[in-house]
Amino acid sequence: MIHFVLLIVCAVAIYLSCEWFVNAVEWLGERLNVGKMAVGTILAAFGTALPESVVTLVAVTTGATAEAKNIGVGAAMGGPLALATVAYGVTGAMLLLKRRKDRAAALDAGKQRVPARVDAGAAGPDSFGPRPAVKEQALGSAADMKRLAKDQKWFLPIFIVKVALGLVAFAFKPVLGLLFFAAYAVYFWREIRGGHDEDGEEEELEPLKFQPKAASPATWAVVAQTLVTLVVIFFASQLFVKQLDAIGPMIGLSASVTALLLSPIATELPEIMNAVIWVRQGKTKLALANISGAMMIQATVPSGLGLLFTSWHFDTALLWSGLITMAAIVYLLLTMRAHKLTPARLAVAAGFYLLFALGLIPILS
């Protein structure tokens, strides 16, 4: 029972910490004079992906056995999978709920403005005739879709190389880990330099939680709130994962199933929470940018560490996770390029994780 209680407590702590973190990181972006999109793809993504990268680093460098080191390899593959499927899917579901709530509020406001008497034959809100279907709009303009697709086009080839290297063995393979660090450095530089190009109108930032009455908070307060929330997110996430590891066998799941199915979602919970918070605040671009930026980190930094310190050899389960991740990204990329990415289609991405879970049954049995 204590494990379930701690699981809920950790989830609440992560959510509240993420709410304070996104508040701080937006002010940090303003202080560093980086573009709004770079706040999501670089600052927020780097902060929330740092705990997982540290876990991978510790596993691959201090693991006493090959099996212990391979925990880091599993984390390097599970992170992108959870982000490309569950994180995007949850974001789509939250956008659907928000749009439905906004439409209901608009309908209620319209009813209040309609006169009590409606002429016969007039089509009022309370008439019994069929209402015209509301066409669901894409998530942003064509330029926004192009911007989102660009991140996926960066991620996909890097991830394909990452999976391919897990299927072969050669003497200088560890050295290639440095190329993954270089790839992220190029992406980082591109985002920082181009972060202002596609920013829209400046939005007024919410007051900093540490200084709620200050119109322009002190830089030390912005940095302090960012660091404090990151520390809480890190330890709460680690405790959350430990509770899942304990609960898995209690509900009949093997350790391998828990590690491949539940742990990736747990480790990517901060990114998912960030996306939920930004969607609730109406900042969809930041929510999607945070996920795509975190995916770039997960595709490069943990992979580079794994290549440098392990044999980086994939079993069937890891290969299956890689294939599902690539399928999810191809699906998202095609809908983005066609300017047809709606909240409903974004929510469909979570179905790829269900497909992954079903495919694990024959693999692990």
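Rule-based calculations on the coordinates, nothing more; no lab input. Because the structure is a prediction, the values reported are computed rather than measured. Every residue, glycine as well, gets a Cβ built from its backbone with ideal geometry; the counts of neighbours run over all protein chains shown.
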Along the positive direction of the dipole of the chain (beta-carbon charges: Lys, Arg +1; Asp, Glu -1; about the Cα centre), which of 27, 235, 310 reaches farthest?
27
Percent RCO, i.e. relative contact order, over the chain, from Cα pairs under 8 Å lying at least 6 residues apart
44
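What FRET efficiency comes out for the pair residue 311/residue 247, r = Cβ-Cβ distance, R0 = 22 Å, nearest 0.05?
Working: r = 31 Å, r/R0 = 1.41.
FRET efficiency, residue 311 to residue 247: 0.10.
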Those lysines that a straight Cα-Cα span of less than 25 Å connects to residue 111, excepting residues fewer than 8 apart in one chain:
98, 101, 135
Helix by helix, which DSSP H runs in the chain go 15 Å or more along their axis at the Cα atoms and have an average Kyte-Doolittle hydropathy of 1.0 or more?
2-32, 45-62, 219-250, 284-309, 316-337, 350-364
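In which sequence would 192, 361, 297 go, from the one with the fewest C-beta neighbours within 10 Å to the one with the most? The partial results should precede the final answer.
Numbers: 192 16, 361 9, 297 26.
Fewest-to-most ranking of 192, 361, 297: 361, 192, 297.
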Whichever lysines have a C-alpha closer than 25 Å to that of residue 153, once near sequence neighbours (fewer than 8 apart) are set aside
36, 162, 173, 283, 285, 340
Report Rg (one decimal) and Dmax (nearest whole number) for the stretch 9-108, counting Cα atoms only, units Å.
18.0, 63
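Going by how many other Cβ atoms sit within 10 Å of their own, how do 173, 340 line up, fewest first? Write down the numbers at each step before the final one.
Values: 173 16, 340 13.
Starting with the residue having the fewest Cβ neighbours, the order is 340, 173.
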How high is the FRET efficiency from residue 108 to residue 65, r the C-beta distance, R0 51 Å, rounded to 0.05?
0.25
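Mind putting a number on the dipole of the chain about its Cα centre? Charges go on the C-beta only, +1 for Lys and Arg and -1 for Asp and Glu, and I need it in Debye to the nearest 20. Write out the running numbers ahead of the final one.
On the way: 30 positive and 25 negative charges, 138 e Å.
Using Cβ point charges on Lys, Arg, Asp and Glu, the chain gives about 660 debye.
Compute the FRET efficiency between residue 54 and residue 97 as 1/(1 + (r/R0)^6), taking r as their Cβ-Cβ distance and R0 = 25 Å, and round to the nearest 0.05.
Details: r = 33 Å, r/R0 = 1.33.
Step by step, r from the Cβ atoms, then E = 0.15.
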Can you pull the three principal axis extents for the Cα set of the stretch 218-331, in Å, largest first?
51, 36, 32
Which of 109, 328, 84 moves most in a GNM of the chain, Cα contacts under 10 Å?
109
Under a Gaussian network model of the chain whose springs join Cα atoms within less than 10 Å, the largest fluctuation of 77, 296, 145 belongs to 145
The simple spin-label model distance between residue 189 and residue 2, using points 7 Å out along Cα→Cβ, in nm, is 5.2
[x] 25.6; [y] 22.8; [z] 18.0: which one is mean projected area of the Cα convex hull in nm² as calculated from this entry?
[y]
How much length, in nm to one decimal, is gained on full extension between residue 323 and residue 30, taken as 0.36 nm per residue of separation minus their Cα-Cα distance?
101.6 nm
Taking a crude spin-label model, label points 7 Å out from Cα along the C-beta direction, the residue 238 to residue 206 distance in nm is 2.8
Could you please rank 65, 267, 41, 226, placing first whichever residue has the fewest other Cβ atoms within 10 Å of its Cβ?
65, 226, 267, 41
Hey, rough spin-label estimate for residue 137 and residue 164, points 7 angstrom out along Cα→Cβ, what's it come to in nanometres?
4.1
